[in-house]
Each structure stands twice: as structure tokens, then as C-alpha cells.
């Protein structure tokens with residue numbers, strides 16, 4: 001059984017650019033959630049995807065968007081990058097309806113310069 | 001590896017001692033709570049969980065206590081080992097917005113040999 005894998009592990013982008021981060025969910029998990037973790041803080045919920053549709057969203061602007069594919073993998077897209085978008089982006093997968101049985105990936109460290 | 005929690009509250013304990021990490025949660029409607037451990041360069045790892053209809057739950061070397069009256073959660077680690085050194089987060093699930101988890105600010109545990 002494989003866990004959650006994220007790519008790339010590190011990324012440097014310039015302010016104003018767009019970025020796509022990828023996540024493969026754990027085998028048997030059909031729900032994917034994305035979290036942003038700024039340095040020194042706890043993760044903050046961005047959104048969740050189930051059946052290829054957004055199933056809940058935190059307090060993030062529309063320039064944060066996502067996709068889920070039929071194989072349950074997911075992408076996080078961020079447009080018009082800002083310096084404050086620099087953070088560790090975590091993907092977590094779970095069976096649908098799980099209150100918190102999430103398995104987290106190791107994250108993508110995004111640096112915006 | 002990635003450095004998590006540079007400015008977090010720190011608990012320093014001697015190897016073999018017991019550790020207690022505390023957390024105050026915000027939403028009285030939350031019905032599910034989880035403790036996560038995050039090591040440098042990794043995503044959060046599930047430790048133990050508890051539902052709101054319980055006051056205490058025990059795992060292997062870990063115990064979680066829930067006090068709903070004062071909205072307080074604690075994690076007790078028995079016989080703390082060097083491998084327990086990490087940042088610990090509590091998270092609550094109120095069932096909103098796709099079962100989003102709301103994380104606390106985290107505590108860094110340092111175990112002295």
C-alpha cells in the first residue's frame with residue numbers, strides 16, 4: 001500500500017507567475033484535501049475534492065483552484081503568485097466521510113520571490 | 001530537511017520522563033479531535049484521536065484527554081524517547097466545509113538524552 005505522494009518537493013517561482021502542484025492519493029482513498037502551512041504555523045485548510053468536484057473550501061481566494069482526476073489524484077493551482085504564498089503545501093487523502101483519518105504527504109515547499 | 005515551527009512554543013523533557021502537550025480549541029461544535037506529529041521535512045503523522053463523547057483515550061505510550069467544558073485537549077506521552085522529538089499539532093473537526101481540520105499552532109517537543 002503506497003502513501004500520499006506529492007510533486008515537486010521544492011519549487012521557486014516569481015511573483016505573478018502561476019504554479020501547479022500534484023498529489024497522488026493513498027490507495028483506497030477517494031477524497032483529497034489541500035492545506036497550506038506557513039513557517040512556524042499549523043496547516044490551514046484550502047479545499048477538499050471528492051468525485052472530481054470541490055467539496056468544501058477554506059478562506060482562500062479564487063486564484064487558488066484545484067482538480068481531481070478519475071484516479072483520485074489531484075492538482076492545486078495558484079495563479080498570480082504573491083510573496084505570502086510562500087509555504088509548505090500539504091495534500092491529504094482519506095476515505096469519503098472520514099472525520100479525520102487523513103494521510104498526509106510530505107508536502108511541496110513553494111518559495112515565491 | 002525542512003524546518004517546521006521555528007518560533008513555536010517549546011517543551012524540553014529528559015529522555016524517559018513523561019511529556020504533556022496542551023491545546024486549546026476554538027469551536028464548541030467540534031466533535032472529533034486529532035493529535036498529529038510532524039517531523040522536519042515530513043507531513044503531519046496521525047498519533048491518536050478522540051470523539052467528543054469521550055474524555056480519555058489511550059494508545060501505545062500516548063493518552064489524549066478532552067475537557068469540553070474549557071475546550072482543552074492534552075496529549076500525554078509516557079517514557080519520552082529521542083524519536084518523539086518533533087512538532088505536535090492538535091486538530092479539530094467541526095464537520096464544516098468538507099470535514100476540514102482546524103489545526104492549532106503547534107508545540108515543539110525536544111527530548112534531551
For this session: Mind computing the radius of gyration and Dmax over the alpha-carbon atoms of region B:8-49? Å is fine for both.
Result: 13.0, 37
Exercise. Which whole-angstrom value gives the distance between the alpha carbon centres of region B:24-70 and region A:29-50?
Worked result: 18 Å
Exercise. Between residue B:76 and residue B:18, what is the spin-label point distance in nm, taking each point 7 Å from the Cα along the Cα→C-beta axis?
Worked result: 0.4 nm
Exercise. In the calculated pair distance distribution of the protein assembly as shown, what percentage of Cα-Cα distances lie above 25 Å?
Worked result: 40 percent
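Can you run the Rg to Rh ratio on region B:60-102? Use alpha carbon positions and the Kirkwood inverse-distance Rh.
Values: Rg = 13.3 Å, Rh = 12.6 Å.
Rounded to two decimals, Rg over Rh is 1.06.
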Exercise. Relative contact order, percent, of chain A when contacts are C-alpha pairs under 8 Å separated by at least 6 residues?
Worked result: 36 percent
Problem set entry | Test item: B:44-51 mean partner chain Cβ contacts at 10 Å | 3
For this session: Please build a GNM for chain B, connecting alpha carbons under 10 Å apart, and tell me which residue among B:68, B:42, B:56 fluctuates the most.
Result: B:42
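Please compute the average number of Cβ atoms from other chains found within 10 Å of each residue's Cβ in peptide B:31-38. It would help to have the intermediate numbers written out before the result.
Numbers: counts 1, 4, 2, 4, 0, 5, 0, 7.
Rounded to a whole number, the mean comes out at 3.
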Problem set entry | residue A:18-residue A:54 pseudo-label distance in nm [points 7 Å out on the Cα-to-Cβ vector] | 1.6 nm
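What does the convex hull of the Cα atoms of region A:14-113 come to per residue, in Å³, rounded to a whole number? Don't skip to the answer; put the middle values down first.
Values: hull volume 9.0 nm³, N = 100.
Hull volume normalised by residue count: 90 Å³.
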Exercise. Over region B:26-93, what relative contact order in percent results from Cα pairs under 8 Å that are six or more residues apart?
Worked result: 38 percent
Exercise. Using the Kirkwood radius built from alpha carbon pairs, what does the Stokes-Einstein equation give as D for chain B at 37 °C and 0.692 mPa s, in µm² per second?
Worked result: 229 µm²/s
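Quick note: the coordinates plus some simple rules give every number you see, no bench work behind them. Computed from a predicted structure; not experimentally measured. Ideal geometry is used to build each Cβ from the backbone, glycine not excepted, and the neighbour counts take in all protein chains shown.
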